[in-house]
Amino acid sequence: MTFQDLHIIPSILKALHDTGYTEPTPIQAQAIPFGLRRQDILGIAQTGTGKTAAFAIPILQHIAQETERKKESRAISSLIVTPTRELAIQIDESFAAYGKYTGVKHAVIFGGVPQGKQVKALERGVDVLVATPGRLLDLMNQGFISLERIKYFVLDEADRMLDMGFIHDIKKLLTALPKKRQSLFFSATMPPKIANLSKQILYKPKKVAVNPISSTAEMIHQSVYMTNKSSKKELLLHILKNPKIDQVLLFSRTKHGADRIVRNLRKKKIACAAIHGEKSQNQRQKALGDFKSSKIRVLVATDIASRGIDIDKLRYVINYDVPNEPESYVHRIGRCGRAGEEGVAISLCEPEENIYIRNIERLIKQKISIIEDHPFPQTDKPMTAAEKKEFEKEKQRRRQEFFANRRKKRGEHHSSPGKKRKRKNNK
Ligand code: AMP
């Protein structure tokens, strides 16, 4: 199958040729014909499958062919809503790449940065708008955006959108969209909540699906180092001694953990950067840029920040911790071995995480190979239930102590949330 077989117009074919794509990925081969026939699509596919082009190409083609479109009456005719800024930027870049010979105008808006530049771009006239939900509603409320002339609507990464608490924003958005439109709905998973949401959006959709979540893992070489919590730092350095690992995306459960890993690696002169929710947009873009251009060897990311990171031919993913949700593991390792490339996923497992490995193996229906031969074997045992309880108690006590000290430093008086609420109610 070639892109020509899909009846794509020459201006887009030329751009696809420029990007180096030789043939459509399975999701593209399935979805593009429906998209071009203006049918609604329910797509089950995660990032890494080529789903962006699967929805972008038909939209670009429709808009490019609408010859009556005039510059002065340009109105947003296509809206792509996606959960994170990184994804939004990447989708916008994809529209730029695939649509560079079509004359279709596109813009991207997302929160966390001043709105001035985004508003200016909108005022210049836009055909395709890529947006995260919060900023979109904000600019709609301010009167900068009207959705009245939307003909093509894409809801991307619907499952992540719900996980991130955007359901109310999405519902609000739906009321502002014209009834007559083509809708494309993409999600990596399809639990009942998502299926219900899709029913509110789609009309007689065509279903396309690739790589169900549990099977993506099959293409990736996976291994786990069983170790102790206290040895992970050293073990990571040991693994990074392998010069073949020249570009690696490393996952950390928490932002503080990510910063700590970066500090430790830098001490050993390993070029790295962290990307997480507390980094500014500029810092994130710089880290990603440096990683893509191989200025840094290790990019440390938290799960949410990692969504939408798109790096061509990433070979290595390291899980510094094993995620307790098996789906997160599959999402993480799905960042390597993209579009047919071979990937390698390495996990560092401390005793408390042994059980997570078993849950993951159950989901992916395969065994993860254990690396036995390394200098930091797991010698500690997982905590018993009683020990865990004690550990949680101690953690809670330390947290309270930390906040009490911080309040003291700031000269604040102690007031528990309960007391605050009571005071408020008494007012
Ligand atoms: P996506 O799932 O849309 O995030 O795309 C994943 C990666 O696959 C991106 O790096 C795309 O540039 C790449 N890609 C998309 N379509 C193709 C294709 N037909 N051939 C080769 N690479 C592709």
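Would you mind stating whether Arg362 is open to solvent by 70 Å² or more (accessible area, probe 1.4 Å), touching a helix residue (DSSP H, G or I) at 6+ places or on another chain (Cβ under 8 Å) and not in a loop (DSSP other than H, G, I, E, B)?
Working: open to solvent by 70 Å² or more (accessible area, probe 1.4 Å): yes; touching a helix residue (DSSP H, G or I) at 6+ places or on another chain (Cβ under 8 Å): yes; not in a loop (DSSP other than H, G, I, E, B): yes.
Yes, satisfied.
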Inset, instruction - Please give the helices (runs of 4 or more DSSP H) falling wholly within segment 147-221 in which 1 or more residues are closer than 20 Å to Val330 by Cβ and assigned by TED's automatic domain parsing to the domain that holds Ile57. - result: 158-163, 192-201
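In segment 123-137, is there at least one residue being over 19 Å from the mean Cα position of the chain (by Cα) and open to solvent by 30 Å² or more (accessible area, probe 1.4 Å)? Write out each step before concluding.
To start, the set of residues in segment 123-137 that are over 19 Å from the mean Cα position of the chain (by Cα) comprises 123-128, 137.
If we keep only those that are open to solvent by 30 Å² or more (accessible area, probe 1.4 Å) as well, we get 123-124.
Yes, the conditions are met somewhere in segment 123-137.
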Inset, instruction - Taking Thr102 as the residue in question, decide whether it is open to solvent by less than 30 Å² (accessible area, probe 1.4 Å) and either outside the structural domain of Leu60 (by TED's automatic domain parsing) or hydroxyl-bearing (Ser, Thr, Tyr) (or both). - result: yes
Legend entry - Unique match (being touching a Ser or Thr at 6+ places or on another chain (Cβ under 6 Å) and more than 16 Å from Thr102 (Cβ to Cβ)) among Gly43, Gly20, Gly50: Gly50
Inset, instruction - Might you let me know whether segment 60-80 holds any residue that is under 17 Å from Leu16 (Cα atoms), assigned by TED's automatic domain parsing to the domain that holds Ser11 and within 16 Å of the ligand (Cβ to nearest atom)? - result: yes
Legend entry - Pair list, Cβ < 7 Å and 6+ apart or interchain, from segment 18-31 residues that are without any contact (Cβ under 8 Å) to a residue 60 or more places away in the chain to residues that are small (Gly, Ala, Ser): Gln28/Gly50; Gln28/Ala53; Gln28/Ala54
Inset, instruction - Tell me which residues, restricted to segment 231-266, are part of a helix (DSSP H, G or I) and under 21 Å from Lys279 (Cα atoms). - result: Lys255, His256, Gly257, Ala258, Asp259, Arg260, Ile261, Val262, Arg263, Asn264, Leu265, Arg266
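Looking at segment 326-348, is at least one residue assigned to a loop (DSSP other than H, G, I, E, B), modelled with pLDDT of 90 or more and crowded, with 19+ Cβ neighbours inside 10 Å? Before the answer, list the steps.
Narrowing segment 326-348 to residues assigned to a loop (DSSP other than H, G, I, E, B): 334-337, 341-342.
From the residues that got through so far, the ones that are modelled with pLDDT of 90 or more too are none.
Looking for residues that are assigned to a loop (DSSP other than H, G, I, E, B), modelled with pLDDT of 90 or more and crowded, with 19+ Cβ neighbours inside 10 Å, one finds none in segment 326-348, hence no.
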Inset, instruction - For residues that are within 11 Å of the ligand (Cβ to nearest atom) and aliphatic (A, V, I, L, M), scanning just segment 7-28, find the one that is farthest from Ala188 (Cα to Cα). - result: Leu16
Inset, instruction - Scan segment 29-55 for residues that are more than 6 Å from the ligand (Cβ to nearest atom) and either within 20 Å of the chain's Cα centre (by Cα) or assigned to a loop (DSSP other than H, G, I, E, B) (or both) and jot them down. - result: Arg37, Arg38, Gln39, Asp40, Leu42, Gly43, Ile44, Ala45, Gln46, Ala54, Phe55
Inset, instruction - Kindly establish whether Ala271 is at pLDDT 80 or above and open to solvent by 10 Å² or more (accessible area, probe 1.4 Å). - result: yes
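The values are calculated or read from the model by the stated rules, or taken from the named source; none is laboratory data. Worth saying up front: this structure is predicted, and the values here are computed from it rather than measured. Cβ sites come from the backbone with ideal geometry, for glycine too, and all protein chains shown count toward neighbours. Each accessible area value is taken on the protein alone, full model and side chains, heavy atoms only, with ligands, DNA and RNA left out. Shrake-Rupley method; radii C 1.70, N 1.55, O 1.52, S 1.80 Å.
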